[in-house]
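See structure below.
The values are calculated or read from the model by the stated rules, or taken from the named source; none is laboratory data. Everything numeric here is computed off the predicted structure, so don't read it as measured data. When we count neighbours, we look across all protein chains shown, and the Cβ atoms used for this are built from the backbone with ideal geometry, even at glycine. In case anyone asks, the SASA skips ligands and DNA or RNA and just uses the protein heavy atoms, side chains included. Shrake-Rupley method; radii C 1.70, N 1.55, O 1.52, S 1.80 Å.
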Amino acid sequence: MGSLDATVSLLDMQPKEVGQLCHWYRGGDKIQKLVRMLPRLEIACKVQPVTRGILRFQVTLEPVFDWHGRWHGGAEGFWLWVEDGENNRIYHHEYVLMSRRTHPEPVELELTIPAFEPLPPQYFLRVMSVAWVGCEMLLPVSFQHLLLPDRQMPYTDLIDLTPLPTSALHEPKFEQLYSKFETFNPIQTQLFHVLYHTDAPVLLGA
């Protein structure tokens with residue numbers, strides 16, 4: 001990875017400086033042109049906790065190289081994996097294909113990654129070219145400001161209510177759907193108002 005960074009740093013120099021450094025005094029422009037063709041990706045990652053033991057990684061891979069049919073063909077492949085350097089574990093690996101047809105559009109990935117307590121300071125996202133030796137990118141994904149959900153998820157107690165009659169629907173077509181029942185069950189009774197009379201979001205699990 002260090003050698004790739006050093007090579008890419010040639011793009012920050014003047015062509016004459018590159019030529020002198022590489023002992024090809026007239027070839028600075030050509031060297032920089034070839035360096036721009038090295039398959040490199042800019043990696044961005046947003047982390048969102050789903051539970052205390054599951055993290056959602058929203059990963060963006062953006063090509064930052066010049067595509068040339070002679071060197072890259074119709075597609076370039078990369079391996080991506082998520083690793084925990086502190087515990088020497090790989091939690092996810094995935095093959096990513098970049099297409100000449102869609103270049104330089106970014107690729108969006110959504111990964112579900114396990115988390116274990118105590119949570120390490122960071123995971124690493126590593127991306128490596130399949131065909132180009134040394135073209136490897138590494139992104140530390142910090143958990144320093146990540147807030148995990150409570151250990152015990154809140155839930156709503158079931159209230160002892162009088163069963164609500166199905167006639168509360170006040171719509172003959174809807175009432176016909178419940179023609180075999182005179183009343184709603186306890187859960188339906190408790191949720192009836194918020195589900196039937198409002199647009200509020202509700203998460204219902206059993």
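Can you find a residue in the stretch 77-88 that is among the small types (Gly, Ala, Ser), assigned to a loop (DSSP other than H, G, I, E, B), surrounded by 11 or more Cβ atoms within 10 Å (Cβ to Cβ) and at positive phi? No: the stretch 77-88 contains no residue that is among the small types (Gly, Ala, Ser), assigned to a loop (DSSP other than H, G, I, E, B), surrounded by 11 or more Cβ atoms within 10 Å (Cβ to Cβ) and at positive phi.
In contact with a strand residue (DSSP E or B) (Cβ under 8 Å, 6 or more places away or on another chain) and at pLDDT 95 or above, is that true of LEU97? Walk me through how you get there before you give the answer.
Details: in contact with a strand residue (DSSP E or B) (Cβ under 8 Å, 6 or more places away or on another chain): yes; at pLDDT 95 or above: yes.
Criteria met by LEU97.
Say we look at the stretch 115-127 and pick out the residues that are out of contact with any Lys or Arg (no Cβ under 9 Å at 6 or more places or on another chain), of a type outside the set (A, V, I, L, M, F, W, C) and open to solvent by 40 Å² or more (accessible area, probe 1.4 Å); which of these is nearest to GLY53 (Cα to Cα)? Among residues in the stretch 115-127 that are out of contact with any Lys or Arg (no Cβ under 9 Å at 6 or more places or on another chain), of a type outside the set (A, V, I, L, M, F, W, C) and open to solvent by 40 Å² or more (accessible area, probe 1.4 Å), the one nearest to GLY53 (Cα to Cα) is PRO118.
Among all positions in the stretch 145-164, there is no residue which is of a type in the set (S, T, N, Q), open to solvent by less than 100 Å² (accessible area, probe 1.4 Å) and under 27 Å from THR51 (Cβ atoms). Would you check which residues across the stretch 1-30 are over 18 Å from VAL133 (Cβ atoms), without any contact (Cβ under 8 Å) to a residue 24 or more places away in the chain, of a type in the set (A, V, I, L, M) and in a helix (DSSP H, G or I) and list them? Within the stretch 1-30, VAL18, LEU21 meet the criteria.
Among the residues here, PHE65 does not qualify as open to solvent by less than 50 Å² (accessible area, probe 1.4 Å), in a strand (DSSP E or B) and in contact with a strand residue (DSSP E or B) (Cβ under 9 Å, 6 or more places away or on another chain).
Only one entry in ARG40, ARG70 is among the charged types (D, E, K, R), farther than 14 Å from LEU109 by Cα and either touching a residue at least 60 places away in the same chain (Cβ under 8 Å) or surrounded by 16 or more Cβ atoms within 10 Å (Cβ to Cβ) (or both), namely ARG40. Just need a number here: residues in the stretch 25-51 that are β-branched (Val, Ile, Thr) and over 27 Å from ARG100 (Cα atoms). The qualifying residues number 3. Residues LYS180, LYS173: which one is assigned to a loop (DSSP other than H, G, I, E, B) and charged (D, E, K, R)? Result: LYS180 is the single residue among LYS180, LYS173 that is assigned to a loop (DSSP other than H, G, I, E, B) and charged (D, E, K, R).
Can you say whether ARG101 is over 14 Å from the mean Cα position of the chain (by Cα), open to solvent by 80 Å² or more (accessible area, probe 1.4 Å) and of a type in the set (D, E, K, R), as far as the supplied structure shows? Yes: the conditions hold for ARG101.
If you scan the stretch 43-52, which residues turn out to be loosely packed, with under 15 Cβ neighbours inside 10 Å and within 10 Å of the chain's Cα centre (by Cα)?
As a first pass, look at the stretch 43-52 and keep what is loosely packed, with under 15 Cβ neighbours inside 10 Å: 44, 46, 48, 50-51.
Passing the criteria: ALA44, LYS46, GLN48.
Do you know which residues across the stretch 89-142 are within 17 Å of LYS46 (Cα to Cα), free of Cβ contacts under 8 Å to residues at least 40 places away in the same chain and assigned to a strand (DSSP E or B)? Within the stretch 89-142, TYR91, HIS92, GLN122, PRO140, SER142 meet the criteria.
Any residue at all in the stretch 39-59 that is part of a loop (DSSP other than H, G, I, E, B), farther than 18 Å from PRO140 by Cβ and in contact with a Cys (Cβ under 6 Å, 6 or more places away or on another chain)? Talk me through it step by step, then tell me what you get.
Let us first name the residues in the stretch 39-59 that are part of a loop (DSSP other than H, G, I, E, B), namely 39-40, 52-53.
Okay, now just the ones that are also farther than 18 Å from PRO140 by Cβ, so 39, 52-53.
Now drop any that are not in contact with a Cys (Cβ under 6 Å, 6 or more places away or on another chain), which leaves 39.
Yes, some residue in the stretch 39-59 is part of a loop (DSSP other than H, G, I, E, B), farther than 18 Å from PRO140 by Cβ and in contact with a Cys (Cβ under 6 Å, 6 or more places away or on another chain).
State whether the residues of the stretch 55-64 include one that is under 18 Å from GLY134 (Cα atoms) and among the aromatic types (Phe, Trp, Tyr). Checking the stretch 55-64: not a single residue is under 18 Å from GLY134 (Cα atoms) and among the aromatic types (Phe, Trp, Tyr).
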